[in-house]
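Everything below concerns the one structure shown next.
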Amino acid sequence: MDISTKTTDASPPTPAAVGKHGAARTKSRPGDRVFLGLSRGSGILLLVIMAAIAVFLTYRASLAISKDHGNFLTTFEWNTNLIPPTFGIAVLAFGTVVSSVIAMALAVPVAVAIALFLTHYAPRRLSGPVAYVIDLLAAVPSIVYGLWGALILVPHMNGLFGWLNHYFGWTGIFSWDGGAPRSMLTVGILLAIMILPIITNVSREVFRQVPQMHEEAALALGATRWEVIRMAVLPFGRSGVISASMLGLGRALGETMAVATVLSPDFDIHASLLNPGGGTFAQNIASKFGEATQDGRDALIASGLILFVITLLVNGAARAIIARRKEYSGANA
């Protein structure tokens with residue numbers, strides 16, 4: 001037997017041959033084609049649904065705005081029973097943004113601190129039950145939070161409001177005239193409690209994915225536990241924390257029943273966060289939709305369109321922030 005001939009016959013196929021053979025085998029599998037079609041169809045269907053929602057909101061909003069007697073963006077009134085109707089979103093936009101900012105300012109630092117405690121400080125026998133309770137809090141319906149806020153939170157806010165008025169009332173933002181504490185600050189605190197489990201859960205899972213070698217390298221260099229978190233854990237999980245915060249912000253922007261249960265709505269912008277009054281998009285839609293006329297429903301849909309646009313802008317900004325910080329995503333770890 002010719003050894004050289006045997007060696008030549010047993011030589012591995014060229015990469016081109018492997019590519020052609022692999023492509024042929026891939027095309028011959030019906031399961032792959034079905035999966036590709038389903039995946040592609042799901043993505044297209046999602047875009048179609050989003051486009052349909054945008055078209056519907058825009059069409060109904062245009063009908064309402066064309067009949068509006070005032071300026072839709074700046075009017076401080078909502079009366080769709082007039083002829084012509086008068087309504088505006090200035091108060092609703094202000095209340096939605098302010099309550100969401102308060103909620104994020106309170107919830108994000110606490111949520112990140114809880115996530116770091118559960119993943120890097122708490123013993124296993126404690127972190128497990130605490131994480132389980134946080135998961136349960138994320139599943140509580142919003143109406144339950146609303147009832148708790150109206151019956152428990154609001155009656156116990158007088159002491160905090162009095163303290164803020166005594167020490168910081170000179171700023172005007174925390175001045176209080178002694179009214180019922182059904183204000184934007186109360187709404188912000190309630191929203192912070194509602195979004196806290198969401199941000200905590202996602203941040204906890206992100207911190208758990210930090211490569212062990214990163215932490216061990218920091219410890220080998222003589223870093224303390226806090227320095228390990230600051231140099232290895234937080235940079236790695238930064239994009240994940242941003243994503244978790246955006247999820248929480250999305251719920252805060254669109255929360256309905258909890259806000260409607262706690263807030264005393266009116267159509268005025270108050271300089272103080274402690275005085276009752278204000279409103280949000282979702283709360284206004286929930287409270288007025290049932291008894292609204294056709295023009296009134298179109299007006300509410302117009303306000304829903306603004307909330308839709310705000311949500312898209314927030315998500316787009318979050319994606320832009322994450323894209324600028326790809327080096328912290330952990331993809332190259």
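Averaged over every viewing direction, what's the projected area of the C-alpha convex hull for the range 146-243? Give it in nm², one decimal, please.
On the way: hull surface 36.6 nm².
Result: a mean projected hull area of 9.1 nm².
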query: Stretch residue 266-residue 144 to full length: gain in nm at 0.36 nm per residue minus the Cα-Cα span?
result: 41.6 nm
message: Based on alpha-carbon atoms only, what is the radius of gyration of the range 219-277 relative to the globular estimate 2.2 N^0.38 Å?
response: 1.94
- prompt: Helix 234-254 sits at what angle to the longest principal axis of the chain, using alpha carbons and giving 0 to 90 degrees rounded to 10?
  reply: 40
query: Summing +1 for each Lys or Arg and -1 for each Asp or Glu, what net charge is found among the other residues whose Cβ lies under 13 Å from the Cβ of residue 198?
result: -1
query: Tell me, what is a quarter of the convex hull surface for the C-alpha atoms of the range 68-328, in nm² with one decimal?
result: 16.6
query: When each pair of different Cα atoms in the range 149-196 is counted once in the 1/r mean, what is the Kirkwood radius in angstroms, to one decimal?
result: 11.2
statement: Of all C-alpha pairs within the range 58-211, those more than 23 angstrom apart amount in percent to 57
- prompt: At what distance in nm do the modelled label points of residue 124 and residue 45 sit from each other, each positioned 7 Å from its Cα along Cα→Cβ?
  reply: 4.2
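We did not get these values from a lab; they are worked out from the coordinates using the rules stated. From a predicted model like this one, the values you see are computed outputs, not experimental measurements. Ideal geometry is used to build each Cβ from the backbone, glycine not excepted, and the neighbour counts take in all protein chains shown.
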